[in-house]
Structures are given as structure tokens and as C-alpha cells.
1. Can you tell me, using C-alpha contacts under 8 Å and at least 6 residues apart, the relative contact order of segment C:152-331 as a whole percent?
2. Once you have the Cα-Cα distance between B:LYS48 and B:ASP166, take 0.36 nm times their residue separation minus that, and quote the gain in nm to one decimal.
3. Can you list which of the DSSP-assigned H helices in chain D have a Cα extent of 20 Å or more along the long axis and an average Kyte-Doolittle score of at least -1.0?
4. Can you list residues from other chains, or at least 5 along the same chain, whose modelled amide H is less than 5 Å from the amide H of D:VAL243?
5. How big is the protein assembly as shown by Rg and Dmax over its Cα atoms, in Å?
6. At 10 °C and a viscosity of 1.306 mPa s, what translational diffusion coefficient does Stokes-Einstein give for segment A:207-270, taking Rh as the Kirkwood radius over Cα pairs? Give it in µm²/s as a whole number.
7. For chain D, modelled as a GNM with alpha-carbon contacts under 10 angstrom, which of D:ILE331, D:ILE199, D:ILE291 fluctuates the most?
8. Most fluctuating residue of B:THR214, B:THR239, B:THR123 in a GNM of chain B with Cα springs under 10 Å: which is it?
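Quick note: the coordinates plus some simple rules give every number you see, no bench work behind them. Owing to the predicted nature of the structure, the values given are computational and were not obtained by experimental measurement. Cβ: placed from backbone, ideal geometry, glycine included. Neighbour counts: every protein chain shown.
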There are 4 protein chains.
Amino acid sequence: MAPTKKVGILGATGTVGQRFILLLADHPVFTIHALGASSRSAGKSYEKAVKWKQARPIPDHIASMVVKPCVSAEFAECDVVFSGLDSDVAGDIEMEFLKANLVVFSNAKNYRREPTVPLIVPTVNTSHFDLIPHQRSVYGQSKGFLITNANCSTTGLVVPLKALQDAFGPLKAVMVHTQQAISGAGYPGVPSLDILDNIVPYISGEEEKMEWETAKILGGSDGKQFLPLQDTTVSATCTRVPVIDGHLESVSVKFANAAPSIEEVYQALDKYTSEAQALNCHSAPTKAILINRNEDRPQPRLDRELDKGQTVTVGRVRPCPVFDIKFVLLIHNTVLGAAGSSVLNAEVAVAKGLI
Amino acid sequence: MAPTKKVGILGATGTVGQRFILLLADHPVFTIHALGASSRSAGKSYEKAVKWKQARPIPDHIASMVVKPCVSAEFAECDVVFSGLDSDVAGDIEMEFLKANLVVFSNAKNYRREPTVPLIVPTVNTSHFDLIPHQRSVYGQSKGFLITNANCSTTGLVVPLKALQDAFGPLKAVMVHTQQAISGAGYPGVPSLDILDNIVPYISGEEEKMEWETAKILGGSDGKQFLPLQDTTVSATCTRVPVIDGHLESVSVKFANAAPSIEEVYQALDKYTSEAQALNCHSAPTKAILINRNEDRPQPRLDRELDKGQTVTVGRVRPCPVFDIKFVLLIHNTVLGAAGSSVLNAEVAVAKGLI
Amino acid sequence: MAPTKKVGILGATGTVGQRFILLLADHPVFTIHALGASSRSAGKSYEKAVKWKQARPIPDHIASMVVKPCVSAEFAECDVVFSGLDSDVAGDIEMEFLKANLVVFSNAKNYRREPTVPLIVPTVNTSHFDLIPHQRSVYGQSKGFLITNANCSTTGLVVPLKALQDAFGPLKAVMVHTQQAISGAGYPGVPSLDILDNIVPYISGEEEKMEWETAKILGGSDGKQFLPLQDTTVSATCTRVPVIDGHLESVSVKFANAAPSIEEVYQALDKYTSEAQALNCHSAPTKAILINRNEDRPQPRLDRELDKGQTVTVGRVRPCPVFDIKFVLLIHNTVLGAAGSSVLNAEVAVAKGLI
Amino acid sequence: MAPTKKVGILGATGTVGQRFILLLADHPVFTIHALGASSRSAGKSYEKAVKWKQARPIPDHIASMVVKPCVSAEFAECDVVFSGLDSDVAGDIEMEFLKANLVVFSNAKNYRREPTVPLIVPTVNTSHFDLIPHQRSVYGQSKGFLITNANCSTTGLVVPLKALQDAFGPLKAVMVHTQQAISGAGYPGVPSLDILDNIVPYISGEEEKMEWETAKILGGSDGKQFLPLQDTTVSATCTRVPVIDGHLESVSVKFANAAPSIEEVYQALDKYTSEAQALNCHSAPTKAILINRNEDRPQPRLDRELDKGQTVTVGRVRPCPVFDIKFVLLIHNTVLGAAGSSVLNAEVAVAKGLI
């Protein structure tokens, strides 16, 4: 079966853009049709324009593609446009694409808080696609729309929280501490002098993002507006660690209702499944949540590549002396935590007939 | 002024023992008189017996000292014995020394829970030395006694918690997440394959230690028994990170009373001072708590050596959406977190006339 | 096509053994039939016996296999036995297997210098299989034989040296400096305190191995004995670096004859091909030598996984002010540098009808 | 004794400038009088202008100094000016300072090849100060002059080479391989994504510098011109490794005359001493070369801080199968390899009465 949907990639030379290329180079539904980057890169072959930093080489048929400027006219033939743009330029460019009636899946943070733009983690809240007709009417588009995916750390967090909320009712409080990989900062990103034999206990804007994004993603929607959680408080501390890929998060949870047992938590996490899986999407993980019961897992280097990097691995579920339970999770920050979310979101949209 | 107190070091070839040697090699009060290690090392020169892993070389006058077996008869002339023994042997050896009427300051965990053994962090609870007369009577000793210092991570935590408790009354709940350096696991310790490009979210027994040690240290004493905190709950998550020295801890605190402002917290931490400082002990830090208001500090590589490694650096004090406040602290795990605590405890004991 | 040859793996729980399992778990010719390890592991399921340290999980059908002791009677049904044993036990065990008429491909160093045992790098000197009839006669075996593969660093070195020797005649002198990954030392292997923020400029026995193995591998054979190079001197310096996988080597070469141009060297390396490739062996790389002309390549993290880890990447070919040319190479030390060599050697032996 | 010479530091906010400040903040001869940096920093307090990346804090009396622009008028009162400027601006600024009759000690590469500018490693060729009268006459200065120090890697190499040349006569060939710390690239310098779990086998321009600088430094001078070595060929390979500080170099040497024994080499290195030591300069090392006979030393993390970072540690002297001998050396790249050389050079100049 040949791919049927033409896709474009904005910010194709960046770290997230490179991941889009690896995920889409050999995809059953999408075929890479256009690559966009800054005016400095436009006109060059992709191979010349990019500082490729992936452990797999540039796919042959992509290397020679000529990079285009990020204007909608150059992407008019694309059924889907993926954006890995930096936030300083994503705002204007993505809006121009949306207003040109294009379908945009963005990894940038710019429109995540927008009242008509869904913020979707593909194994959590694909129900929020229901707001697209309303979004189209607001922006006066017939087929274009704009979907954002969440911050990498938020994405890892909300998958098990959704499973717990579904199984045991509302969460009263969540305390989360992240240890985030350097690839999350892009390239050149974190200077090595800052992170070798070191930890940086601060990532600009990250803690706030985790705190409010969680409420929007785990909340409902009535087709016209989102209904963020009101009664779940989240407190986040975010740190940068000397790890290439894979964010580790330590989470404590207090339930609004009576707390489940540790075993009930394990079972609820294990049996959790998402619409993306039910729709048999190509990039959907086999398990939305992978349980590892070894006492010292998950670990970034050993677990980040599991299930195509689209799962969240959870371990060390145990009682919390202060809240009810605590556990550790791992998410591949540049796959499910970034480009992989966008791609899987787009696959769901295709399966739902939105594209 | 020549040093006046002869000291012995048990477990002198281990990681903690090496730190004891660096801290004591040129000390105004203590002079190294005897080194003890396992029977495999006994009889060898220290230089031959040790795998020295410090960035400063073995002090010349120590290199040629002959290592002794860890029996009290060999240490009879010592005014103070420091123990850096592993817990699998520390129990029997330290008790044999105590019963030989020797003064022992131990870094091992074995007797920390013992009802008559003080668990002292030198910039926090030197008031617990008051229990020594009772301990002597229990063990029938005239001058010998046994003091333990706390786990490295606990030590970092209780210094600012004591300052907060003193200033704002009892703490209702504490959530702490540690990122612990590899030197805390000794040598050979953590295999490099486990920690390069990786985090291990588990350290055996560490979380429990932080949870109960905090209650004993921050609680009172009536001269006959300790009165651990009853109403402060602590929840700890401990992880191992690829950092040589320096444990970083992220802490959220809920006060029993009305919460202070962020600025009040900063000021309470900044003005906090301890008996060890008041007694002008040689190894006491200038500041028990060092405030760093840069948004991305403290950091292990940049801050661990400050104030001789005997301070705790605190930064990022900010509101916690779930509790009252949260902050980040750094402790040098092998100085204040281990050997440095024992040495400073012994200096306090000398200043108090107990030795 | 179902696999037709049953294989056993000795030392199956070690680092090399784990790689054997990943390479053989889904192989078109070989099927894993028996796993052997120390008496401590024997009788346990593989999953229980192993400390699995690979980024891919244990294959499902292997996890439940029961580990056997390393005695030939337990491996009698195996067509091929791969040995990832440590050298302290490999000598006796492999000889017992050979004398039981079994076919053994060993990664251990014990028999590499043996006059009747071929030391084969699969993309270099598979011609040395010609000595097997003679070896069988010496050991009185009808079908069993023993093949060793080379040290990981030697393996990386000899592939381009063979290409240069074939193209430009004998090499007069070779100076090589290695930067070797920690996985080469097994598990627990290198303590993290020795290698974080550090380099260890010494690996026991490694320099000597590189110096003499090169001569045996690049030399000829007359079917009765090997004819090691006499006039090529090799000087090696070996260091351990904080890299997970992938040995980097810097090489300077002086030719016996007139030196080729840099471009001639690139072309000779690029067009070099081996018998393993000609025989279409499953694990053979597409290119025995992969040229990367970027000025800062090869690099371990970016290039080690190329071509299934069975190629040697070469870059930075340039004039040497002292010798003729110098260049940099990269080899995946646990694939082509260890288990991958054994597996490909065995595939060649099957293709040649020796098994 | 109060310091008597006022000094300025150009490029004071950079990595080398920060080292100058640590070395000079508490110096018996020099007192920091002026700090210069780019126009972006000029006018700010040093504390505000700098991104301080050292493990020791900014000295208190420096923190509040106001940064000046790098023009000679602002440094007119300085007896000595140290330059840690980047090479893209060092050329014009240093020349302007020289022509203003100021004394400049530069760490930049711009004038190292200049026929009238000495390139001095303080424990090697302070005899080259003899060319200063000639330099002054060429530039028409009465008291100003310009001295450069060498590249960090060259500096480490030439110290033992000088000892060998002095003891055993001319060197015929030198092959050197470096493993260079990230601090050598400044800040932000090497991106962490390039160097975690990785080696970069290329540093722009570095190999060429090592090859020609060695000839100038180890050559003579007749007071009017330098007489670089003609018959010593040097071949260098330079790599970047994940180490904070400390360059490790593996060296093979062929002597023009009969080769000494390994023991003779050790003794020649051990007894080597320099004019900087004879003059009792404050920053001179106790030993210009420190021998470490442990088989796995020197190592960056364990040996870089020895003797104030101003020594070169040498180990593993052994026969080279291709040349005569080989050995491993370690230099602290930002102390003796950069700012420490400049400071010690200036101390020598003061002792010689040139300032």
C-alpha cells in the first residue's frame, strides 16, 4: 500500500524536524513532500542545510530534497503540515498556514493555550478533536485546522494520570519532579560545560507548562470549549540532566476519593488503552503504558526505545507517606514527547476522517 | 598550636575513609595516629593498601603509615576514633570499640536507630550530645561513647528544615526528591554502564532512611531518650545520577501554621546559625546555609566545594501550588554528608569538653 | 525459510552473551537452542539469571529458557556453539567442547595465539578457514573445530589495513591510538568513579594484543600453519573513555612502497570488499568500510549503529607529517568487535560447507 | 608584602579570563586593576557581565569592579595586561595596546607566528625573552612588549620534549594524540549533544598548531630571530572528549641519536627543572614534570590539580615498537595550558627586570 497523504515539515533542520523525518521517511500513510526551514537554509539541499545529529543517517531520498521557505504557498499540495518550528517564529508561520486552509500539527508552544486549539496527547485526549468544526468556523476555514501537542514532560505525566483518573476518579493533588534529557533543548542547546558532572535544576517556563497543560489535557470539552480540571492541583520541579534522550519523572498522587491499593494501581495502568490504539494507527504503541516491576526501573538508557518510543514506562508504584501513591515514569522526549505525538495525532485525524 | 588529640580512622581505605584523611591530615586539633582497615589491608603501608580516588594526593606523612586491623587494642591511644566502615562490619567493630571505653564517631548506619545513640548533624542538633551521660551509664563506660552522623541525603535536607522549623513552627509535610552523586556509593560502587547517559531511580534503603532519620534529628531529647517528631510526614524519592560529588534535592514543604512569604523564608534560611559555628569549630562553615538567588542554582559542579563543603546551598525558593513553598538544595555528600559531619561533630564534642 | 542450524551460547549472561542473543534471536540460519553460564546461573530461567543491560528487551522466547552448565553433554545437539566466556574459564571449557567434536566460535582470547587455531575477522581473513582440516587432524575430530575472533580494537584496525595492504602493498609501520568504550570491559566492568569526567590511559594487555594479532590476521596461511607478517611493526596505545559503545582509533601508516595519494587511499578503502559479502552472508555489512568525508567524523554516538554495526567507518584520511597517511576509524566494539564477528564467521563457515 | 604591579585583564568575562581572575585575585606581585571585555559588557559590574562557570566563586573584590572597554587608554596605569581575548578580536586590540607602550601577555593565537614575538611556555623557553629588546626596537616602544603563550596541547607536549631534548639530544620524530577537555573550547563551546557518550575526533586548526608551535618553542633564538627546529617532525591528532578539565596526550618519540633506556628517560624527566623554578616565581610548580609510575596514570580527574595545575604529569614511559619510547602526559589546559602560562611568564619577566 503506497502512502496516500502528502506531508510537509516546518523547521525540518532542527532537532524535532530531524525526528519528524525519521518517523515519516518510511510511513504507510504519509509521504514527505516538502521541507521548510529558515531563509538561511531555503534553497539548499536538505543534506547541506542540516546539522544531522541522529544515530541513524539521513534517509537517502530526503538528503537531496531542496529546502523551502516556510510560506504556505510552498506547501499548498500538502495534506498535512508538521511543525517543529521554534516558538519565536512558530506563531506567525503556523497562523499563516492555518489561514491558507492547511492542516497543521504543531509541536510549538505558541497556540497551546488558545481556547479553540486542541492540545492533544495521542494516547490521552483524542476526544478533543471534536472541537475542530468549531475551530474551523472561528477561523473561517473549510478543511484546514491546527492541533498542538503537549510539552514533552507534560506528555509523559498525563498518560498515567489519565489512566488513574479513569479508574479511580478525580485526582486531588499531583507532585512531579522531572529529570530531563539534553535533547529536549535542541541543538546546540545545553552547553557541555553546564551539564557534564552536573545537574541544572531549572528549565525556563517548564514548570508552569506542566502545571497548566495537565489541566487542559485531562479536562473535558463540550465541542465549543475546553473544560480544564478545576480541582486538581499540580506542582512541578524540572531539572536538566546529562542524559541524551528520555525524561524521567517521579510522581506523587493524592486521590480525591479513597485511595486504591498498589496492586489496583498497577492493574489500572496496565490495562489502560487509548483510541489511537483502538483505531490501529501505525505509530500507536502496543501498550500506552508499559509496566516494569523491577525495583530500579524505568531507566532512560534501557527503556526509552521500547514500543517505538511511543509508550510511557511506569515502575516503582509504592505508597507515599504524604500523599497516596508515588511512582516513576519514563517518556522518550523526542518521540512521544514531541514529533511522535504530532505524527500519531495526525494518524488519528486521518482515521477519524478529518483529513 | 600543635594538634592535641590523637585520632584513629576505621575503614581508612574506603571512599569515606579517604575523605577522613584529607579532612584530618592538616587539622589544628586532631592528628592522625592510627589507620584501620580489613585484614586484607592490615600490615601494608597505607599507600599500598588503598586505591586512592581523590583529586588531591595522599598526604606524604600518611602514605607510609602501616594499616592496622580494626580491633580496639590497636587504637587504645586514640582520643577519638572515626569510623568509615561498611555497615556489614561496622556493627560488631564499633560496639567492640565502645565497650573498650573509646570515643567513636561513626558514619555507618548500624546504630543510628539505637535509642541511646545520638544521630547528629553538626549544624542541626548538637543538643543531642546531652544524651551521652545516659549512654555511658547504659554501656558502663567512663569516657567512651558512640555518636553517629546521618545519611548524606538526610543531612542536606534537615539543615534548611531545621531553620524553617525554628522560624515558622512545625512542618506538616515534606516531599523530597534527590539526585545523588556516584561517590555516595563508594568504590567500585556504581558500574559505569549503569549511569553513563542514564539515571537509576532507586537506591536501596535510602528513601526509608530519609523518612525516619529526619524525625529523630529534628526532634528533641530529654537527656534519657529522643523524642522524634510525630506530626511531620516525609516522603522521599531517591535517584542516582552521573555526577561525581554533590547531592541535589528538590523539596516541597507544608507548614503546620500559616505559611511565611518567600522573602521571609529566604531571610530565615540566611540568618540560621548553629552551635558548631558559635563554638568556632575549625570545620564549621561560615554559613550553615548559603543562599544563591540565581534562578538556575544550586548546581553540583559549581557549588559543592563552597565553604569547605560544610554548608548547604539553597536556591529557587518559590511558592508550591500544592504545599506552601518549594526549593532546591545542594550538599557535598562526602564532606558535610559523611566524613565532614563526623569531624565537625567531634570538634563540637571537644569544645563541649566531652573528649 | 526456517532456521536450520541449532546454536548454543556459552557465557550467555555476560555482556558478549547478551549481544549474541540479540544477534541470533531472529536469525534466518541459526536458532538458539541452548544457553550456558556459570553454575550460579545454571538451572534458572535466563530472565532470572541475567542482569540484562541492553537497550532492547530480552526476546520473549529466550527469557524463559533454562540456563545450562557449560559442559559439552548439554550442547550435544548444537550445530554451532558461540562462546562469550571470560578468559579465566574459556580455556578449559572450549577445549572440552572441541574434544567433544563440537564446532566452537569463540570471542575469548585464550586460543588466539594457538598455531592451529584461526584468528578470523570476518571481513578480512576468512581465507584462514583453510586451516580447519589440519586443525581437525591435530585434535582428532571429524566435524568439530575451534575458531576465534579478534580483540575488538584489533578488529577495527585490520579492516582498513587489509584494504591498504591489498591495494598498495606491505605496510612498514602502523601507529594506533584507541579510545575504547566502557561496554568493552563487560559488567560491572569500569566503575563510574573511574570514568566520569575522566580518561583511563591503560587497558590491561590490550596494547600487546593489538600489536601481535594484527600480524597473524593480516598474514597468510599455507593450510598447515599461519605466516604472520614479519616486516610490519605496530605500536598501540589504548585508553578507556566515557562512551557506551564504539571504539574510535586514530591510525598513522607508513607504506613499504611509494605512498598513495589521499584520494587513492579513499578509493581503495571505499571499494574494498570481503568474502563474507560475496557469499551474501546474512550479517555481512553492505560495505566492509564506510567512508565519511565530513571533517569531524566518525563519531561513536552517531556512527556506531551504521550497517548493523558490522562495518568500520573511516574518515579524516590526511597526510601524516611523520609517516605517509593518517586516518580515524570507528568500530562497534560489541557487534563487529565481538559477538558480531563470531556470528558472521559462523555464517561464512556455513556458506563454505564447513558446518 | 603588598602586591606592587597593577594588572589588567582583557577578555575578562570569558573562560580564560575567569581563570586569570582566580589566579590573580590573591597574588603576591600582581593586583587586578582593570577588567576589559566587549562593548556589550563594558560599563556593567563584573558580576553582572560574566557567566561565571568556575567551581570557586567570584572573588568578592572583583565582583563589583566595573568592566571597561578594551582600549589602551583605559589600561594606561597597568604594569601588565593579560589577554584572554578571542582570536577574532585579539589581533587589533593587542596591537593597539603594544603600540601604546603597554606590556601584553596574550593567550590568543594571533601573534604566535610573528617573527619578533616570543612564544613562551614558562617551564620551557623563557630564554626567548632575550628577543624583547629587538621587538621593542621594531615596534618603537620603550617599555611595552608582547609575549604569547602556546596552545594548551602544545604546552603539555613541549615540557617533556624539552627535557628529553636536553638530556638525549635532538628528536627525530614525534607522534602525538590528544584527548582534550571541553573547557578548552570556552563557553558555550561544545554542545552537550556533541560530546555526551561521544568523542569528536577533530578540533579546528589544532593539529597544525601543535606541529609548528613545537618547532618554534623547542628551537633557539639569537636575540634577533627565532631558530625553529628543522629536523624534528611532529604529527598530531587532536580529539575532544567528555572531560571538564585536563588534556591527556599519548606521545611516541624517536631520537636522532641512540635511544636511552626507559629508566634513563624517567630520570631525565624527573630531574628536569626550569628557569621559572630557579627564579622562585610564585606560580612556578615545584616540579616542572611530575612522574607517576602507576600503570594507569596520569588521569585527568585525579591529576589535573596537582602542583597548582602548573606541572605536567607523565606516566607509562615504555618502549615503542615503532619509534623508541612512548608515554602519556596530562596538562591542566586552562591553568598551565592557558592563563597559568601567561601569569608565570609575567612573573619571570618581573624577576628578570623586564617589567
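1. Numbers: 355 pairs, mean separation 50.7, N = 180.
Reported as a whole number, the value is 28 percent.
2. Details: separation 118, 0.36 × 118 = 42.48 nm, distance 4.83 nm.
Taking B:LYS48 through B:ASP166 to full extension adds about 37.6 nm, to one decimal.
3. On the way: long enough: D:152-168 (25 Å, 0.80).
Answer set is D:152-168.
4. HN-HN under 5 Å from D:VAL243: D:ILE182.
5. Gyration radius and largest Cα-Cα distance of the protein assembly as shown: 33.1, 92 Å.
6. Values: Rh = 14.6 Å.
Taking Rh from Cα pairs, D becomes 109 µm²/s.
7. In the Gaussian network model the winner is D:ILE199.
8. Answer for the Gaussian network model of chain B: B:THR239.
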